[in-house]
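Visitor: There's a structure below that I have some questions on.
What follows is calculated from the coordinates using simple rules that are stated; it is not laboratory data. All values reported here derive from a predicted model rather than from experimental measurement. For neighbour counting, all protein chains shown are included, and Cβ atoms are generated from backbone atoms with ideal geometry for every residue, glycine included.
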Amino acid sequence: MQPFGTTIFAEMSALAVRTGSINLGQGFPDTDGPPEMLDAAAHALRNGRNQYPPGPGVPELRAAISAHQKEYWGLDYDPDGEIVVTAGATEAIAAAILALCDAGDEVVCFEPYYDSYAASIALAGAVRRPVTLTPDESGEGYAFDATQLRAAFGPRTKLVLLNSPHNPTGKVFSREELTLIAELCQEFDAVAVTDEVYEHLVYDGLAHIPIATLPDMRERTIQISSAGKTFSCTGWKVGWACGPASLVSAVLRVKQFLTFVNAGPLQPAVAVALGLGSSYVDGVRAALESKRDRLCAGLSSAGFRVLRSSGTYFVTVDLGSGADGISYCRSLPERCGVVAVPTQVFYDNVDQGRRLIRFAFCKRDDVLDEAVRRLRLLER
Ligand SMILES: Cc1ncc(COP(=O)(O)O)c(C=O)c1O
């Protein structure tokens, strides 16, 4: 693991603290989630829920996840055998990769990708086969080349790691794109491992489409999400994986030796949060959509070329030809007291992302406004 060093988030968050900067680097909200969830956690802590929970997760949380999957995506998962609770989506992703890949097996993933993917693939001794998401000329979003996608599949392809809505680009994969990926999964007998932690954070009236809902995909998909983003509790690390029993039991087999179990008293609280229903989720989405608009307008007014983000907590900007995102982000806190992250660290083909940096908008409006005020003072 030596080449992996310290994550860019740790480096940039430490820089934010050291320089007293506004941290728009790491994606965590600066407000708490629903009070009902927090009260339920406090109640669980005070009322004897502090020992090891069952390996697959507490029954009320598995039941709540099952009901959620049905309500939002029309997917049926049996709480007993088709759902496992994990230490965040991160553990579910790692356990899925470790469970399904032997050394030398290949994993197709879309770059830029969330940084734990490369590390988990390396831990399994597997090989990344990146497909590049490139900003289109109009700045209207990111797209991939279907030929490059097809070429990434081969006889050693074991799985496709798909993150939609996508961090860091804010891309929401369309039905046509997902259909193409699904067809290739079937042709090459690959499993789709989907990271859907931003499933509810989709804007502009677009729809999130779990690939498991496409024909014949439920049986070859491990669908992963977590409570952190939807319920503003990223520090709780309560996630889950859903899928057919054969795949979920493989995830559980690995999970039992990674963490065994996790977050005992927080699991019943997440069950309460999932039970709050669509009005809570709709409120979170609306609030974040307006924050996206606020930050994007501010960044444009400060002279940045903003690339369209249709989901997640994030928006990327293009610094222009010749720019280097890493040195730009390292100097930004000193220059104006704002932290962003360079997205080139999420690419295998770093040149593709050299000019791009990412800002998080999951912050209070006054924080976003102050960040924009500072960025507007920058000499360009
Ligand atoms: C795409 C993506 N996947 C996974 C995670 C981590 O999820 P969790 O905290 O539930 O492990 C994040 C957090 O930023 C993310 O952006």
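Visitor: Taking θ = phi - 60°, what integer Hz values does the Karplus form 6.51 cos²θ - 1.76 cosθ + 1.60 yield along the stretch 310-324, in sequence order, with x for Gly and Pro?
Guide: Values per residue, Gly and Pro as x: 9, x, 6, 9, 10, 9, 10, 10, 9, 7, x, 5, x, 7, 10 Hz.
Visitor: I'd like the distance between the alpha-carbon centres of the stretch 358-380 and the stretch 282-341, rounded to an integer number of Å.
Guide: Cα centroid to Cα centroid, the span is 8 Å.
Visitor: Determine the shape class of the stretch 35-276: with a ≥ b ≥ c the square roots of the Cα gyration tensor eigenvalues, call it rounded for a/c under 1.5, and otherwise prolate if a/b is greater than b/c, oblate otherwise.
Guide: Prolate.
Visitor: Set the Förster distance to 25 Å, then compute FRET efficiency between Arg156 and Thr7 from the Cβ-Cβ distance, nearest 0.05.
Guide: In this case the efficiency is close to 0.35.
Visitor: Counting helices only, and only those DSSP H runs with n ≥ 4, report the 222 nm mean residue ellipticity of the chain as the sum of -39,500 (n - 2.57) divided by its residues, in deg cm²/dmol to the nearest 500.
Guide: When only DSSP H runs of four or more count, the value is -12500 deg cm²/dmol.
Visitor: Through the Karplus equation 6.51 cos²θ - 1.76 cosθ + 1.60, θ set to phi - 60°, convert the phi angles of the stretch 326-343 into ³J(HN,Hα) values in whole Hz; use x for Gly and Pro.
Guide: These are the phi-based 3J(HN,Hα) values: 5, 5, 4, 5, 5, 8, 4, x, 5, 6, 8, x, 9, 10, 10, 10, x, 8 Hz.
Visitor: In addition: Given axes a ≥ b ≥ c from the Cα gyration tensor, I'd like to know whether the stretch 125-227 is rounded (a/c under 1.5), prolate (a/b larger than b/c) or oblate.
Guide: oblate
Visitor: I've got another one for you. Would you mind classifying the stretch 97-139 by shape? Square roots of the alpha carbon gyration tensor eigenvalues, ordered a ≥ b ≥ c; an a/c under 1.5 is rounded, otherwise it is prolate if a/b is larger than b/c and oblate if not.
Guide: Here the stretch 97-139 falls in the prolate category.
Visitor: Calculate the FRET efficiency for Asp32 and Glu187 from the Cβ-Cβ distance with a Förster distance of 45 Å, rounded to the nearest 0.05.
Guide: 0.45
Visitor: Say we join alpha carbon atoms closer than 10 Å with springs in a Gaussian network model of the chain; which of Ala340, Ala152, Ala95 then has the biggest fluctuation?
Guide: The residue with the greatest mean-square fluctuation here is Ala152.
Visitor: I've got another one for you. Within 10 Å, count the other beta carbons around each residue, average over each peptide in 241-254, 296-309, and list them highest first.
Guide: The packing order, highest mean first, is 241-254, 296-309.
Visitor: Shifting gears a bit: Given a Förster distance of 22 Å, report the FRET efficiency between Arg175 and Tyr72 from their Cβ-Cβ distance, rounded to the nearest 0.05.
Guide: Efficiency, rounded to the nearest 0.05: 0.85.
Visitor: Using the Karplus curve 6.51 cos²θ - 1.76 cosθ + 1.60 with θ = phi - 60°, work out ³J(HN,Hα) for each residue of the stretch 115-131 in order, rounded to whole Hz, and write x for Gly and Pro.
Guide: Calculated HN-Hα couplings, in order: 5, 6, 4, 4, 5, 5, 5, 5, 4, 7, x, 8, 10, 7, 10, x, 10 Hz.
Visitor: To the nearest 20 debye, what charge dipole does the stretch 35-276 have about its Cα centre, counting +1 at the Cβ of each Lys and Arg and -1 at the Cβ of each Asp and Glu?
Guide: 820 debye
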